Amino acid sequence: MRPYARVRKLASEEREELERMERSRKPAAGRARRAEIVLLSDRGYTAEEIGERLGCHQETASRWIDRFNRLGLAGLEGGPPEAAMSAGDSCAGGPAGVAERWFERVRVDGEITLLYEPHAHELVRSNVWHVRGKDRDLLVDAGLGAASLREAYPDLFERDPSLVLTHAHFDHAGGAHEFPERWIHELEAPRLAEPGFATLSGAALPAASRREMAQMGMPIDGDLIDALPREGYDVRSYRVVPTPATRTLAEGDAVDLGDRRFAVLHLPGHSPGSIGLWEEEAGLLFSGDAVYDGPLLDELPGSDVAAYVQTMRRLRELPVSVVHAGHDPSFGGRRLREIAERYLAWRAK
Ligand SMILES: [Zn+2]
Ligand SMILES: [Zn+2]
């Protein structure tokens, strides 16, 4: 309980945006009310006073201030009703707000584009990579599938890409059903055809996972999305569409785009059939969840620590210039070796 939570010092753009939100008075998403809470706090009112003034519970006001402090304006965008925000509380905001856009798009270079879902929790916010090739395009992973990736970017998907899934976890494979060509390692194909556990609802996550995430500094506060992909979306309705693979991959297979050629590296450990795509000529690796610059997960169902150790030894030796990973920002060869060494030292203990 923090009834006296205070908003951090506002940046001038934030203040402008909050004032604009306050004036917009869109009660459906409750954004105007949330902006009012933050602005009142900034003017020196306590959560208790804000609660009185706006007719809401002070704990609710505190929670919005906390969210704003942690996530900035995005924290006011959605926000599932939380336990302390009881029904009938005018500041609870009812259903979470609808995201202005679901995907973000970053042009990496002339051929490579990164797509990701900013409203997904870090745990399930994966990177989707589009590579424009001469004869064919490559799509590495497909995101959660909570919104249509294809419809979001008709220019990118003018021609069907070959979708290569680095593994079958739902944050990477949820959108696979939108694409006619779906390639995945043979050990992951069954899971693509019959998806395992998948949820965006915080309440449906096992308590142990929540504890583990909190320990890793990624607490799950509510659901795994903080805004809705569209009006009326029910987070509990999230499912992964069962999708058979159209080609199964194995170590050494080639993915040929005409002007660029990638080799499939089998990199088990995170999951049995995790793969990377290695473009030797450019020293470029799409690594999926075999390695990324964040807390590595090797104790999930299907994970294998001994296999992961072997994978890290292999990655350590790879003459990499850039790694485009399944999560978090891209990095170079030196950082790859640091991550691998750190993992190996940790698991050698
Ligand atoms: Zn994964
Ligand atoms: Zn992942």
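The values are calculated or read from the model by the stated rules, or taken from the named source; none is laboratory data. Because the structure is predicted, anything quoted here is derived from the model rather than measured. All Cβ positions, even for glycine, are placed from backbone atoms using ideal geometry, and neighbour counts span all protein chains on display.
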*Across region 319-335, which residue is nearest to the chain's Cα centre (by Cα) among those that are of a type in the set (A, V, I, L, M) and more than 15 Å from ligand 2 (Cβ to nearest atom)?*
322
_Looking only at region 199-218, filter to residues that are farther than 18 Å from residue 119 by Cβ and either of a type in the set (Val, Ile, Thr) or in a loop (DSSP other than H, G, I, E, B) (or both); which one of those is farthest from the chain's Cα centre (by Cα)?_
206
*Can you name every residue in region 250-294 that is within 14 Å of ligand 1 (Cβ to nearest atom) and aliphatic (A, V, I, L, M)?*
267, 275, 290, 291
_Failed criterion for residue 172 (all others in (1) more than 22 Å from residue 120 (Cα to Cα); (2) in contact with a Gly (Cβ under 9 Å, 6 or more places away or on another chain) hold)_ = (1)
*Out of all the residues in region 317-337, which are of a type in the set (Val, Ile, Thr) and closer than 15 Å to residue 140 by Cα?*
323
_Every residue in region 176-194 that is assigned to a loop (DSSP other than H, G, I, E, B) and either more than 16 Å from ligand 1 (Cβ to nearest atom) or in contact with an Asp or Glu (Cβ under 7 Å, 6 or more places away or on another chain) (or both), please._
179, 180, 181, 186, 194
*Is it the case that some residue within region 264-273 is within 16 Å of ligand 2 (Cβ to nearest atom), in contact with a Phe, Trp or Tyr (Cβ under 7 Å, 6 or more places away or on another chain) and not acidic (Asp, Glu)?*
yes
_Hits in region 300-349 - residues which are more than 16 Å from ligand 1 (Cβ to nearest atom) and among the small types (Gly, Ala, Ser)_ = 306, 321, 330, 332, 333, 340, 345, 348
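From the list 186, 181, 158, which one is in the same structural domain as residue 244 (by TED's automatic domain parsing), in contact with a Ser or Thr (Cβ under 6 Å, 6 or more places away or on another chain) and closer than 25 Å to residue 104 by Cα?
181
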_Condition check for residue 254: within 24 Å of residue 148 (Cβ to Cβ) and assigned by TED's automatic domain parsing to the domain that holds residue 127_ = no
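Just checking, does region 115-127 include any residue being among the acidic types (Asp, Glu) and more than 16 Å from ligand 1 (Cβ to nearest atom)?
The answer is no, given that none of the residues of region 115-127 is among the acidic types (Asp, Glu) and more than 16 Å from ligand 1 (Cβ to nearest atom).
Which one of these is touching a His at 6+ places or on another chain (Cβ under 7 Å), away from ligand 1 (no atom under 16 Å from the Cβ) and either modelled with pLDDT of 95 or more or not hydrophobic (A, V, I, L, M, F, W, C) (or both): 156, 149, 138?
Working: 149 fails: touching a His at 6+ places or on another chain (Cβ under 7 Å); 138 fails: touching a His at 6+ places or on another chain (Cβ under 7 Å).
The match here is 156.
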*List the pairs whose first member sits in region 236-259 and is over 16 Å from residue 139 (Cα atoms), whose second member is in a strand (DSSP E or B) and not basic (Lys, Arg), and whose Cβ atoms are under 6 Å apart, counting only residues at least 6 apart or on separate chains?*
251/266; 253/264
*Output the residues belonging to region 191-232 that are crowded, with 17+ Cβ neighbours inside 10 Å, farther than 21 Å from residue 127 by Cβ and not acidic (Asp, Glu).*
202, 205, 222, 228
*asked:* Please list, ordered by residue number, the strands (runs of 3 or more DSSP E) wholly in region 99-175 having 1 or more residues that are surrounded by fewer than 24 Cβ atoms within 10 Å (Cβ to Cβ) and within 16 Å of ligand 2 (Cβ to nearest atom).
replied: 112-116, 127-131
